[in-house]
Amino acid sequence: MSFEEEVLKDFLTEAKESLEKLDEEFVELEQDPQNTEILKSIFRTMHTLKGTAGFFGFKTLEGIAHFAEDILSKLRDGLVVADEEIIDMLLRAVDHIKAIIAHLEDHKQEPVDETYLDFLVELSNFAEKIARRAQGEAPKEEAPKEETQPPSEEVPSEEAPPEPSAEAKGPEEAPPAEEPVREEKPSEERPPAPSEARPEEPKTPKAPPQVSFAETHIRVDVKLLDHLMNLAGELVLARNRLVQLAGEKADPELLRATQNLSLVTTEMQETIMKTRMQPIGNLFNKFPRIVRDLARSTGKKINLHIEGADTELDRSIIEAIKDPLTHLVRNSVDHGIESPEERAQVGKPQVGTLVLRAYHEGGQVVVEIEDDGRGIDVEKIKRKAVERGLISPEEASRMGEREALNLIFRPGFSTAEKVTNISGRGVGMDVVKTNIERLGGSVEIQTVKGAGTTVRIKIPLTLAIVPALIVLSGGERYAIPQVGLKELVNLESQEEIHRIGDSEFYRLRGEIIPIVRLAKILGLPDGEARSLAILTTGTIDFGLLVDEVRDSEEIVVKPLGRLLKGIPVYAGATIMGDGKVALILDVVGLSRYVGFKAEEARRLLEEEGVRRVTEEKQFVLLFKVHPQEQFALPLSLVSRLDKVKAEDLEFVGGKEVVQYKGRSVPVIRLENYLPIQPLPEQEEYNLLLFEEGEKRVAVLVSEIVDSLETDLELDEDIYHTEGILGNRILNGRTTIFVDIYKIIEMYDPEWFQRREVAEPRRILYAEDSTFYAGLVRNYLEAAGFEVDLASNGREAWEKLQQESYDLLITDIEMPEMDGIELAKKVRSDERFRNLPVMVLTSLSGEEIYRKAREAGADEFQIKLDRQAVISAVERLLEESRLKEAAA
């Protein structure tokens, strides 16, 4: 639905409510003509109707409301007293407005009917009559008319509206015979009444069709919605308890009834959630005016682009982010975007660009404030921090870009040369960060000096009912909101944990992750902690060591009592399925216990001679379909592992499905798409669940074998078929690596949204790993792009000399010219000045990101994040197309 349709819908809803109220108010006014409060209320309603009708161009509606407003203004000012004649005419005006509103609701345009035009003429004349009465003029005398003389066919002049004859008016509206003729121009402010020739025969004006509005919208008190949400939360808690009891009883009838109750509860919870959801456009729409005024006051020229205004959020969160978002926008306008003169000096367009963008990502909403201004000078931040004594010169020299940018969030820190009455980049940023983190969200900054800054805010959809991971530590259960959870790691032994002084850390695919022990923080008995939850606040990643990971489930967030409210590691409490309370951990509060910085740990490790792992390794999941064949795929692609009984598998519409967490999930059997041995019949199967946005699909397998970390260098594909990327020997067995994206596409070609383009855009992808080359190429081609592969940077460079491409994607680590060297070579060649470059890697990290930026790459993404890669490709190609069009 477009913005205009949304506004029209709101207008019609409010208009119907106002018109129903007018009927009551007019009756009250007739009984108490001197009641000024009722008069003011009626006048305001009619004025609003007139103004909005004019906005949409509904001329008839605007005219009726205008003349009715004229009459009401005389009543309000006490120049005329509301008598029966006036009330009758105003009520007729309301009836005509009702009929027009009803027609607009059905047809989106005003009715074309002479009834309304005739009434408009009649109402116009009546308004003039009331105006003369208000001025104390004598009644107008009508010229005598011979019975045999036909009505005049003369067209009235533009200066005076036609005056209907006494016979043309209703009996109540006919003016007295002695009323004198008064020639007077109508007010220039009112819309001209329709000018028509007199009818051949006098006639009584038609009455408007009787209208009764159907109630399609109602207004509900926000407190009632909040109470309804609380009741839904209590129902979820009762459902969780019943599910646990039904599992213990193992009664088939009870289990079936519980499943139905669970399904209804989930649907009701989601429906109630929708009543609280509002488009973020309600907040974004205030910024065009703010940006315009700020740009004028600072002498700048700025274009504001709004994207994703229909992205929905809980209303309470929209209210909470209003001030932080306003502060960030003011920052970008005041200190981010340069003056027209400064932009012209560095070769930029004089008009700056500010983008407000919102989109869904991984169960959260991401809001980005992006400007093409001067960017943030990281070195300047370090110097200011040293001057203020926040860090030492040694710390500044070792500090990476991400850590330096985080200094902006220190209270009172600013690099602004002078404080303005608008903002100062850094002033108040600590408040922005605190407010966002209080919602369970995070803030991060990406900047390129001279090119611009992007502030990315991640916030949960709602705060009332959230998915959480249940963990065990010291014999007690705790809940970790999944919005702050990145992944889980199972430790084989405590030797995998490294120590520097009193601090501990873990190496995760080459990245150094600080560790905090939950038992130590809470003063609990230190058990055999083997499970590591990798958490993130948005600005820092760290590992939380717990004894055991139980399961994930939806929890209802309850506020803490007065005695626990001040403890920073707790965000709330919830009631578990067995009726006992579990405390909800605050990820931001836990991060304060991190004992050292990642940069510091990296330096100490280098001094100790510990070699940093740079190989592209991934944790892979090993599984079997038939006992004689072993398969693998990256563990990070799997959303969840679970089990299902054979009797719970159903067939719906010819497709196999399973009920999972209140939803029917389609089931894929790999033997239907790959030349492999079939899945044997079992009483219980394992499920590998995969998610793409709101969609879910499950792969049915016989056994989960193991998970291990390995590089993904594959041997030749022994099957040479779609859906298989290659094979290698793992744990002494030949293991087939499955392309799960291709399998899902073969199952349902419409699963992934495909771009409809007249001519595919050509992409060159430099990748030495056969696994990643096949995986990325397949999902890019499925999205509608044409992909050409190069096995290393040198081969890619040679292909660039021979053929034309729209985008270059390159891996980092490659033999014979790595990705960084290739990107630098491309950027230094004038022929490829406008060729966008994207760097893909399986390793995330600040150092890799920094190298990619320094090499001139336009984008940096993780290979296995299909949706993020495709979105980035589309954005880069669109930006490139716009640049070409502008050139």
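The values are calculated or read from the model by the stated rules, or taken from the named source; none is laboratory data. All of these numbers come straight from a predicted model, not from anything done at the bench. All Cβ positions, even for glycine, are placed from backbone atoms using ideal geometry, and neighbour counts span all protein chains on display.
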- Task: Please tell me if L39 is touching a residue at least 24 places away in the same chain (Cβ under 8 Å) and in contact with a Phe, Trp or Tyr (Cβ under 7 Å, 6 or more places away or on another chain).
- Result: no
- How do the pairs read when you match residues in the stretch 792-817 that are surrounded by fewer than 16 Cβ atoms within 10 Å (Cβ to Cβ) with residues anywhere that are part of a helix (DSSP H, G or I), using Cβ under 8 Å and keeping only pairs 6 or more apart or on different chains? E816/G793; E816/R794; E816/E795
- Confirm whether L354 is surrounded by 23 or more Cβ atoms within 10 Å (Cβ to Cβ) and either under 15 Å from L294 (Cα atoms) or touching a Lys or Arg at 6+ places or on another chain (Cβ under 8 Å) (or both). yes
- Message: Consider the stretch 342-359. How many of its residues are over 16 Å from K300 (Cβ atoms) and part of a loop (DSSP other than H, G, I, E, B)?
- Response: 1
- Item | Qualifying residues in the stretch 742-783 (those that are small (G, A, S), in contact with an Asp or Glu (Cβ under 7 Å, 6 or more places away or on another chain) and under 30 Å from V657 (Cα atoms)) - the one modelled with the lowest pLDDT | A782
- Message: For the stretch 623-634, check the following and say yes or no: at least one residue is basic (K, R), outside the structural domain of L485 (by TED's automatic domain parsing) and either in a strand (DSSP E or B) or at pLDDT below 80 (or both).
- Response: yes
- Of all residues in the stretch 862-887 being of a type outside the set (A, V, I, L, M) and more than 19 Å from Y359 (Cα to Cα), the one that is surrounded by the most Cβ atoms within 10 Å (Cβ to Cβ): K863
- Evaluation of I555 against (1) within 30 Å of R241 (Cβ to Cβ); (2) at pLDDT 85 or above (one fails), failing number: (2)
- Do any helices (runs of 4 or more DSSP H) entirely within the stretch 360-412 hold 2 or more residues that are surrounded by fewer than 18 Cβ atoms within 10 Å (Cβ to Cβ), outside the structural domain of E854 (by TED's automatic domain parsing) and modelled with pLDDT of 85 or more, and if so, which? 378-387
- Query: Do you know which residues across the stretch 636-673 are surrounded by fewer than 18 Cβ atoms within 10 Å (Cβ to Cβ), within 18 Å of E703 (Cα to Cα) and of a type in the set (A, V, I, L, M)?
  - Reply: L641, A646, L649
- Task: Restricting attention to the stretch 413-449, report how many residues are among the small types (G, A, S), at pLDDT 75 or above and surrounded by fewer than 19 Cβ atoms within 10 Å (Cβ to Cβ).
- Result: 0
- Query: From the set of residues in the stretch 808-825 that are under 12 Å from V839 (Cβ atoms) and not in a helix (DSSP H, G or I), which is nearest to the chain's Cα centre (by Cα)?
  - Reply: I809
- Of all the residues that make up the stretch 826-862, how many are at pLDDT 85 or above, of a type in the set (D, E, K, R) and not in a strand (DSSP E or B)? 5
- Message: Given the criteria in a helix (DSSP H, G or I), farther than 23 Å from G375 by Cβ, of a type outside the set (D, E, K, R) and modelled with pLDDT of 80 or more, does T326 qualify?
- Response: no
- Query: Only one of (1) at pLDDT 80 or above; (2) assigned to a helix (DSSP H, G or I); (3) surrounded by fewer than 18 Cβ atoms within 10 Å (Cβ to Cβ) fails for E20. Which number is that?
  - Reply: (1)
